[in-house]
Amino acid sequence: MQQFQRDYYETLMSVDESIGRVQKWLKDHNLDKNTIIMVMGDNGFMFGEHGLIDKRTAYEESMRVPLIASGPGIAKNKVVEDIVANIDIAPTILDAAGIKKPANYDGESFLGLGTDRKDLPPRNDSFVYEY
């Protein structure tokens, strides 16, 4: 189990290194002050919790998906516990760009969760999970 977990985490090192290269390129080209970087996983994962090695359950470890955002106006080292979903990514990017989301978009911007904005609509505190 420990080797599996170590191997899993080791694969993330290349992601971290790639993000570092993107950040350096943005800085070298003076684009870092008006660019937001978002990295989101597609699932959480369980490494033995609840006796499972899996990602397809409704347990917290499986459902909590990594999402990291950085850029101008976004608080550093802030952990947000609110529920956001992949359907919220596009409205958030549009919000950051100052573009109103189209009426047919179901998601909501979560940009304010990482900033000091106070004009946030209430977020859902529950959702339906189906596999």
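Can you confirm whether Ser18 is crowded, with 16+ Cβ neighbours inside 10 Å, without any contact (Cβ under 8 Å) to a residue 24 or more places away in the chain and not in a loop (DSSP other than H, G, I, E, B)?
No: the conditions fail for Ser18.
Residues in segment 22-46 that are surrounded by fewer than 10 Cβ atoms within 10 Å (Cβ to Cβ) and under 17 Å from Ala69 (Cα atoms): how many?
Number satisfying all stated conditions: 2.
Residues that are over 30 Å from Ser126 (Cβ atoms) and in contact with a Lys or Arg (Cβ under 6 Å, 6 or more places away or on another chain): does segment 60-74 have at least one?
Checking segment 60-74: at least one residue is over 30 Å from Ser126 (Cβ atoms) and in contact with a Lys or Arg (Cβ under 6 Å, 6 or more places away or on another chain).
Contact list please: Cβ distance under 7 Å, first residue in segment 60-86 and touching a residue at least 12 places away in the same chain (Cβ under 8 Å) and within 25 Å of Asn30 (Cβ to Cβ), second residue among the polar types (S, T, N, Q) and assigned to a loop (DSSP other than H, G, I, E, B), pairs at least six apart or on different chains.
Correct list of pairs: Gly71/Thr35; Gly73/Thr115; Ile74/Thr115; Ala75/Thr115.
Here are Lys33, Lys24: which of them is under 22 Å from Gly98 (Cα atoms) and in a helix (DSSP H, G or I)?
None of the other options fit; the residue is Lys33.
Values in this text are rule-based calculations from the coordinates and carry no lab data. If you're wondering where the values come from, they're calculated on a predicted model, not measured in any experiment. For neighbour counting, all protein chains shown are included, and Cβ atoms are generated from backbone atoms with ideal geometry for every residue, glycine included.
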